[in-house]
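Q: Here you go, one structure.
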Amino acid sequence: MRKKIVLCAVLFTLSLNLILPPKQSSAAETNVKVTLPAFALKLNGNKVENQYREYPLLVYKGITYFPMTWYDSRLLGLQTKWTQNDGLEIVKGNVTSSYVPNTTNHKNLSSFKATIPTFKITINGETVDNSKEDYPLLNYKDVIYFPLTWKFAHDKFEWEYAWDDSEGLSITSNNVQVVKVNLPKSAGDNDVAVYKGYYYFTETAGGTNQVYKVPVNNTSNKELVYSYEVDSKYGLNKNLKFEIRDKELWFSYHLGGATMGSDEYGRINDKGIATIEHQGYLDFKNTSNGTLIINQSVPPSGNNLILVPAGQQATNGKAIGNPKLIYGWHKSVNGTSSSLSTNNSTTIIGDDVYVLGSSISADKEDLNKVYKINVKTNETEKIINAEVSNFKVLNNKLYYLKDADLYLYSSDMDGTNEQKISDNKVSNWYDEIDGNVYYTVGNTMGQLNLYKAEPSKEDTIVLKESLESVQLVNDKLICKLAAGEDYGVKVLDKSGNLHLAITDQVSNVFADNDVILIVSTEDKSIKLVK
C-alpha cells in the first residue's frame, strides 16, 4: 500500500508530440496552472534535466505529469496515434527508444498555463472520460500530458517505480531498452561487434589500426586483440568489418590497390586471440575435409576451386571440380562483350559443394549454372540448367534468382520440382524462416521494400517503410530502415509480425543471437538493444 500511495503522490504522464487541430483549442477547454516538479526524476535510469527541457515534466494538483512526445512515449514502451475521428489512442506496444532529452538554451519558468482537452482518449482500448477524471490529461504547448494512476502505471503499463526523499522519482518500464555503451568515441567510426560477452571495436592511431575487446560488464578493461599497419599508398583505408561465419567471429580489411591489393581475413578464437587465416581475393567455406578456397583473383581463370586439408597451408591444396569451368563468378554477356562479378553463393552440404559455374570458353550456352561437386569423388553434376544470378540452400531446398527474369525460384536439392516463388523481381536479398519466404524489391526511391511470398495469393508487402538492408538472425528479420523513416530499425518474427521497433536512426547494425548493437547516425555513439 505504501508504494501505491507514493506513486499517486507523485503521479506523472507520458507524451506524444501531438499537435492538436485548431478546432480543439476552444473556449470549452479550461485553463489550469501547472508548475515544475521540485524533486529529481529519472526515466529508465536517465536523469531528466527538467529546467531546460523543451517539454518538461509538470505538476498539477500535486501530481506529476509527463509529456507524450514521440521519443518519451516509446522510451517507456508506449505507442501513440492521433486521428480526427478516434482522437488519441495510447497502447503498450513493442517499441523502444534511446533517451532524448530535447533540451533548449532557455530556462523554464516555474509555472505555466495548460488546458484540459476535450477530444476522445483511449488507453489500451479503454475510453477515458477526461471531464470526469480527478487528474485529467492536459495540453501544454500543443503537446498532450497524461497523468498515470496506479491502474495505468502498474496494471496497464506494468512499470516499476521508486521514490527516495533525496533521489526523487525513478520510473522503469519493462520494454526492451536501448542503452549507450561506454566505448571510445572513435569506435563508432568503424564496424563494431558483440560476441560471447565482449564488445569488439577498432581504433586508429596514426597509421595503425588496433582491434580491441572489452567485457560487456566492464568496458574500462580494454584488451588489444590485433593490430596492423594501414596501407596509405592508395588513400587511408582504415575500414574493418566484423561478421559471424559458422558461429565464429571474423573480421576483414583491405590492403593495397584494387588490382594488386589483398583482402585479409582474420578469425577470433574462443580465447579472444586473432589470427589471419586467408589473404587474397577469394571466398572460403569450411568442409569436413578441410577448407574450400574459391579463387576470385583478377584476371579470372578456371580450375579455381582448391580444397585445403585441415591444418595445412593453401599451397598443399588440390583443385576439385571441372577444370574447364570457372567457379564463384557470375558472367554477363552483352553482344560481343562480357563481364564477370564475384559470386559468394557457394554452400557446403556434407561432402557436396554447391557452386555457381560457367564455361571458361566462349560458350554462351553454359553460363551461370548451379553445380554439385563431391569433395571425395570429385563427381561434378549440373543441378540447375537455367542461368542463375545467385542461389541459397534453405531448409533442404535450393532457392535461386534466374537471370532471365530475376524472379525467385525453388527446387529440390537435385534441381527437380522447380517452382516459381515470387510475384516480383527480387533485389538480391531473400531468405526463409520456418517455411515463410521473404525477399526485397527495389522501389522508385532507390531503396528496398520487404515482401512475403504467399503461395495461394498475391505476395504481401511486410513493411510500409523503405529499407536499406535486411538480415536474418536467430529466426528474426533485422530490418534497417531508410534514413528519414519514423523508426531506424524494425525487428520482425518468423511470421512477419512486429517484434520490436527502435526509433533511433542508425548507420550500422550488428546482430548475433538475441543481441543487437547499433551505431547512431547522429553522433556515432554505440548502443546496445537489450
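The values are calculated or read from the model by the stated rules, or taken from the named source; none is laboratory data. On a predicted model such as this, the values are computed, not experimentally measured, just so you know. Reconstructed Cβ throughout: ideal geometry from the backbone, glycine too, with neighbour counts over all protein chains shown.
Q: Considering only segment 149-171, state which residues are among the hydrophobic types (A, V, I, L, M, F, W, C), closer than 29 Å to residue 527 by Cα and either modelled with pLDDT of 90 or more or surrounded by 18 or more Cβ atoms within 10 Å (Cβ to Cβ) (or both).
A: If the condition is that a residue be among the hydrophobic types (A, V, I, L, M, F, W, C), closer than 29 Å to residue 527 by Cα and either modelled with pLDDT of 90 or more or surrounded by 18 or more Cβ atoms within 10 Å (Cβ to Cβ) (or both), then 153, 157, 159, 169, 171 are the ones that fit.
Q: Confirm whether residue 322 is in contact with a Pro (Cβ under 9 Å, 6 or more places away or on another chain) and farther than 30 Å from residue 190 by Cα.
A: no
Q: Evaluate segment 215-230: report whether one residue or more is assigned to a strand (DSSP E or B) and basic (Lys, Arg).
A: There is no residue in segment 215-230 that is assigned to a strand (DSSP E or B) and basic (Lys, Arg).
Q: Taking the condition under 11 Å from the mean Cα position of the chain (by Cα), among the aliphatic types (A, V, I, L, M) and surrounded by fewer than 21 Cβ atoms within 10 Å (Cβ to Cβ), does residue 477 pass?
A: When the stated conditions are applied, residue 477 does not pass them.
Q: Identify, by number, the condition in (1) farther than 29 Å from residue 198 by Cβ; (2) of a type in the set (Gly, Ala, Ser); (3) buried (at least 18 other Cβ atoms within 10 Å of the Cβ); (4) out of contact with any Phe, Trp or Tyr (no Cβ under 8 Å at 6 or more places or on another chain) that residue 495 doesn't meet.
A: Exception for residue 495: condition (3).
Q: Would you please name the residue that is farthest from residue 333 (Cα to Cα), looking only at residues in segment 374-421 that are part of a strand (DSSP E or B) and of a type in the set (Val, Ile, Thr)?
A: It comes out as 393.
Q: Within segment 182-224, count every residue that is buried (at least 20 other Cβ atoms within 10 Å of the Cβ), touching a Phe, Trp or Tyr at 6+ places or on another chain (Cβ under 7 Å) and among the β-branched types (Val, Ile, Thr).
A: Residues that pass the stated criteria total 4.
Q: Please tell me if residue 491 is in contact (Cβ under 8 Å) with a residue 12 or more places away in the chain, within 12 Å of the chain's Cα centre (by Cα), over 18 Å from residue 189 (Cβ atoms) and not in a loop (DSSP other than H, G, I, E, B).
A: Numbers: in contact (Cβ under 8 Å) with a residue 12 or more places away in the chain: yes; within 12 Å of the chain's Cα centre (by Cα): yes; over 18 Å from residue 189 (Cβ atoms): yes; not in a loop (DSSP other than H, G, I, E, B): yes.
Taking the combined requirement at face value, the residue satisfies it.
Q: Let me ask you something else. Of all residues in segment 147-205, which are free of Cβ contacts under 8 Å to residues at least 24 places away in the same chain and assigned to a strand (DSSP E or B)?
A: 160, 162, 164, 203, 205
Q: Another question about this same structure. For the condition surrounded by fewer than 20 Cβ atoms within 10 Å (Cβ to Cβ) and without any contact (Cβ under 8 Å) to a residue 12 or more places away in the chain, what is the one hit in 285, 324, 271?
A: When all the criteria are applied, what remains is 271.
Q: Another question, if that's okay. Looking only at residues in segment 494-530 that are among the basic types (Lys, Arg) and more than 19 Å from residue 101 (Cα to Cα), which one is farthest from the chain's Cα centre (by Cα)? Give the derivation first.
A: Of the residues in segment 494-530, the ones among the basic types (Lys, Arg) are 494, 524, 527, 530.
Adding the requirement that they be more than 19 Å from residue 101 (Cα to Cα) leaves 494, 530.
On the way: 494: 15, 530: 13 Å.
Among those residues, the one meeting the criterion is 494.
Q: Taking the condition closer than 25 Å to residue 89 by Cα, touching a residue at least 60 places away in the same chain (Cβ under 8 Å), of a type in the set (S, T, N, Q) and surrounded by 16 or more Cβ atoms within 10 Å (Cβ to Cβ), does residue 69 pass?
A: Taking the combined requirement at face value, the residue satisfies it.
Q: Determine, yes or no, whether residue 174 is touching a Gly at 6+ places or on another chain (Cβ under 8 Å), exposed (fewer than 14 other Cβ atoms within 10 Å of the Cβ) and not hydroxyl-bearing (Ser, Thr, Tyr).
A: So residue 174 fits the description; yes.
Q: Given the structure, is residue 251 buried (at least 16 other Cβ atoms within 10 Å of the Cβ), within 28 Å of residue 355 (Cβ to Cβ) and touching a residue at least 40 places away in the same chain (Cβ under 8 Å)?
A: Here the answer is yes, as residue 251 does meet what is asked.
Q: Could you tell me whether residue 371 is in a strand (DSSP E or B), modelled with pLDDT of 95 or more, in contact with a Gly (Cβ under 8 Å, 6 or more places away or on another chain) and aromatic (Phe, Trp, Tyr)?
A: When the stated conditions are applied, residue 371 passes them.
Q: Got a sec? Which of 405, 423, 412 is closer than 20 Å to residue 382 by Cβ, at pLDDT 95 or above and surrounded by fewer than 17 Cβ atoms within 10 Å (Cβ to Cβ)?
A: 412
Q: Taking the condition of being hydroxyl-bearing (Ser, Thr, Tyr), under 21 Å from residue 71 (Cβ atoms) and part of a loop (DSSP other than H, G, I, E, B), how many residues in segment 494-530 meet it?
A: 3
Q: Tell me, yes or no, whether segment 281-296 has at least one residue that is among the hydroxyl-bearing types (Ser, Thr, Tyr), within 26 Å of residue 256 (Cα to Cα), at pLDDT 95 or above and in a loop (DSSP other than H, G, I, E, B).
A: Within segment 281-296, one or more residues are among the hydroxyl-bearing types (Ser, Thr, Tyr), within 26 Å of residue 256 (Cα to Cα), at pLDDT 95 or above and in a loop (DSSP other than H, G, I, E, B).
Q: Right, something else. If I filter segment 259-271 for residues that are assigned to a loop (DSSP other than H, G, I, E, B), more than 28 Å from the chain's Cα centre (by Cα), under 23 Å from residue 306 (Cα atoms) and of a type outside the set (A, V, I, L, M), do I get at least one hit?
A: Yes, segment 259-271 has at least one match.
Q: Suppose we keep only residues that are surrounded by 14 or more Cβ atoms within 10 Å (Cβ to Cβ) and free of Cβ contacts under 8 Å to residues at least 40 places away in the same chain within segment 125-136. Which one would you say is nearest to residue 68 (Cα to Cα)?
A: Per the criteria, the residue is 136.
Q: When segment 82-112 is examined, which residues are found to be assigned to a strand (DSSP E or B) and without any contact (Cβ under 8 Å) to a residue 40 or more places away in the chain?
A: 83, 87, 89, 91
Q: Can you tell me which of (1) within 24 Å of residue 215 (Cβ to Cβ); (2) surrounded by fewer than 16 Cβ atoms within 10 Å (Cβ to Cβ); (3) not acidic (Asp, Glu) is the one residue 507 doesn't meet?
A: With (1) within 24 Å of residue 215 (Cβ to Cβ); (2) surrounded by fewer than 16 Cβ atoms within 10 Å (Cβ to Cβ); (3) not acidic (Asp, Glu) applied to residue 507, the lone miss is (1).
Q: A further question follows. Output the qualifying pairs, or none if there are none: Cβ atoms under 9 angstrom, residues six or more apart or on different chains, first residue in segment 340-355 and under 16 Å from residue 403 (Cα atoms), second residue modelled with pLDDT of 95 or more and exposed (fewer than 14 other Cβ atoms within 10 Å of the Cβ).
A: Filtered contacts from segment 340-355: no entries.
Q: Right, here's the next one. Given the structure, is residue 203 touching a helix residue (DSSP H, G or I) at 6+ places or on another chain (Cβ under 6 Å) and at negative phi?
A: Against the criterion (touching a helix residue (DSSP H, G or I) at 6+ places or on another chain (Cβ under 6 Å) and at negative phi), residue 203 qualifies.
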